[in-house]
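What follows is calculated from the coordinates using simple rules that are stated; it is not laboratory data. Small disclaimer: the values here were computed from a predicted structure and weren't measured. Virtual Cβ from ideal backbone geometry, glycine too; neighbours counted across all protein chains shown.
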Amino acid sequence: MAIVDMQMPGMDGRTLAQAIKADAALRATVLVLLTSISTETDLAGVAASGFAAYLVKPVRQSHLFDVLASVWAGRDSPAAALVTADTISRTRPRAASSAAEPEQRFTGTRALLAEDNPTNQKIGALMLEKLGCRVDVVANGREAVDAMAAAPYDVVFMDCQMPEMDGYEATGEIRRRELARGSRVPIIAMTANAMQGDREKCLAAGMDDYISKPVTPAALKTALRRWLGGRDLPTAALDATAFAGVAELASGDEGLLRELVETFTSDAAERIAALREAAAVADADGLRTAAHTLAGSSSGLGASTLAELCRRLEMRASVLSAPEAVRLVAELETEFARARGELAARLGDGGA
């Protein structure tokens, strides 16, 4: 069995999987894919590459255990379906917990939903309202442009294929008008074609992110959290549950836990220095590489807000100007300082 990261230097995870499956001596290896961004995952392509399962980082210990057990049990079944944390969760009995985390809501957020399908309009609006948003709905790109000119919105969910004016053209027009005002509203694409290259097409049009159809409440919540943050809940720099999982892996060895934290903070400082250099000259490849690496290590240790900022920077690296990149890296540095301080407090050091 092998656990493979999606984005690695020299050869990505899917290319490596294809090479393993093409080698007669290695073909029987059971492969599990780890990826940072769920919206980029082409499930059919993952399965075709030879993976038995995939997980989105940060990976919970319980999910990893259950997924590994499931794929190992089904290793001799050629028709076994791709295993994910979602499929495992659906088969696991739900345990009631009085210590469950409070539901994150986005009360007061003004969201514009641009979607031409009446059924999708109603479902999308309902899901956003359940998350606390105030939602206005328009049926095409032209109406979206007009709505943005008429009222202030915090976020836009934009269908890519609409009559009169599609989502790409509408986004371009919105961005042109924003230049005069000096503002920028996050625009999240909604696309039914989760194919390679779609993300680049969306970013080139001026969109900030994209989610695949059919849209789910979880995908909307992730997008809102990534681009707006929590509106009701104060967000700690450190995810208590994720950090507890790391502490559990250390099995009570305080020295080992301290070593893990020190390794993270030292490496993170180097990555941030690399980001600072890349931002100064708008080096998209440098930004993307350093942000991706830092997102992975931050997620693994529970610095979830820092990880989200890194993913945001990674996704927009190719369209950022130098001043925009410098601003985002400065924001990321501030969050790293918060995370480092909370990690020090967890270790009993009392400070950064």
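Round to the nearest 0.05 the FRET efficiency obtained for Asp12 and Ala345 when R0 = 41 Å and r is the Cβ-Cβ distance.
0.65
At Ala47 and Thr29, where each label point lies 7 Å from the Cα along Cα→Cβ, what is the point-to-point distance in nanometres?
If labels sit at Ala47 and Thr29, their model points lie 2.3 nm apart.
Going by C-beta contacts inside 10 Å, put Trp72, Trp227 in order with the fewest on the left. Don't skip to the end; give the middle numbers.
Values: Trp72 13, Trp227 17.
Going from sparsest to densest Cβ surroundings: Trp72, Trp227.
Where does the chain land at 222 nm, in deg cm²/dmol rounded to the nearest 500, when only DSSP H runs of n ≥ 4 count, each adding -39500 (n - 2.57), divided by all residues?
Details: 14 runs with 187 residues, N = 352.
-17000 deg cm²/dmol, from helical runs alone.
Quote the charge dipole size of the chain about the Cα centre in Debye, to the nearest 20; the model charges only the Cβ of Lys and Arg (+1) and of Asp and Glu (-1). Can you show the working numbers first?
Working: 38 positive and 47 negative charges, 104 e Å.
Computed about the Cα centre, the dipole is about 500 debye.
Can you tell which of Leu238, Leu332, Ala317 lies farthest toward the positive end of the dipole of segment 227-342, using +1 and -1 charges on the Cβ of basic and acidic side chains (Lys, Arg; Asp, Glu)?
So the residue furthest toward the plus end is Ala317.
Show the residues, 5+ positions off or on another chain, whose built amide H is closer than 5 Å to the amide H of Ile211.
Under 5 Å from the amide H of Ile211: Ala189, Met190, Thr191.
From the backbone phi of segment 327-337, what are the Karplus-calculated ³J(HN,Hα) couplings (6.51 cos²θ - 1.76 cosθ + 1.60, θ = phi - 60°) in whole Hz, Gly and Pro given as x?
So the Karplus estimates, Gly and Pro as x, are 5, 5, 5, 4, 4, 5, 4, 4, 5, 4, 4 Hz.
What residues of segment 173-194 lie in the reach of a label at Ala330, counting those whose backbone N is under 15 Å from a point 7 Å from the Cα along Cα→Cβ?
The answer is none, because no backbone nitrogen lies closer than 15 Å to the label point.
Rounded, prolate or oblate, given the Cα gyration tensor of segment 102-164, with a/c below 1.5 counting as rounded?
Working: a/c = 2.81, a/b = 1.47, b/c = 1.91.
Oblate, since a/c reaches 1.5 and b/c is not below a/b.
For each pair in Lys21/Lys221; Lys130/Lys201; Lys122/Lys201; Lys57/Lys221; Lys21/Lys201, compute the distance between the two Cα atoms and list the pairs where it is over 25 Å.
Working: Lys21/Lys221 36 Å; Lys130/Lys201 30 Å; Lys122/Lys201 27 Å; Lys57/Lys221 17 Å; Lys21/Lys201 31 Å.
Beyond 25 Å: Lys21/Lys221; Lys130/Lys201; Lys122/Lys201; Lys21/Lys201.
Want the number for Ser266 to Ala73: 0.36 nm per residue separation, take away the alpha-carbon distance, what's left? Spell out each step's value before the answer.
On the way: separation 193, 0.36 × 193 = 69.48 nm, distance 3.94 nm.
Working it through step by step, the gained length comes to 65.5 nm.
Any idea which of Asn140, Met207, Ala219 is furthest toward the positive side of the dipole for segment 110-228, if Lys and Arg beta-carbons carry +1 and Asp and Glu beta-carbons -1?
Value computed over the given set: Ala219.
I'm checking a number: the convex hull volume of the Cα atoms of the chain, normalised per residue, in Å³. What is it?
Values: hull volume 56.8 nm³, N = 352.
That works out to 161 Å³ per residue.
Can you classify segment 110-228 as rounded, prolate or oblate using the Cα gyration tensor, where a ≥ b ≥ c are the square roots of its eigenvalues, rounded means a/c under 1.5, and otherwise it's prolate if a/b beats b/c and oblate if not?
Numbers: a/c = 1.30, a/b = 1.13, b/c = 1.15.
It comes out rounded by the Cα gyration axes.
Could you line up Ile272, Ile174 from fewest to most neighbouring Cβ atoms inside 10 Å?
Details: Ile272 18, Ile174 23.
Fewest-to-most Cβ neighbours within 10 Å comes out as Ile272, Ile174.
Would you please put 242-252, 290-300 in order of how densely packed they are, using the mean number of other Cβ atoms within 10 angstrom per residue and starting with the highest? Walk me through the numbers before you get to the answer.
Working: 242-252: 14.6, 290-300: 23.5.
Descending mean neighbour count gives 290-300, 242-252.
Could you tell me the relative contact order of the chain? Use alpha-carbon pairs under 8 Å, at least six residues apart, and round to a whole percent. Don't skip to the answer; put the middle values down first.
Working: 513 pairs, mean separation 41.2, N = 352.
Averaging sequence separation for qualifying contacts and normalising by length gives 12 percent for the chain.
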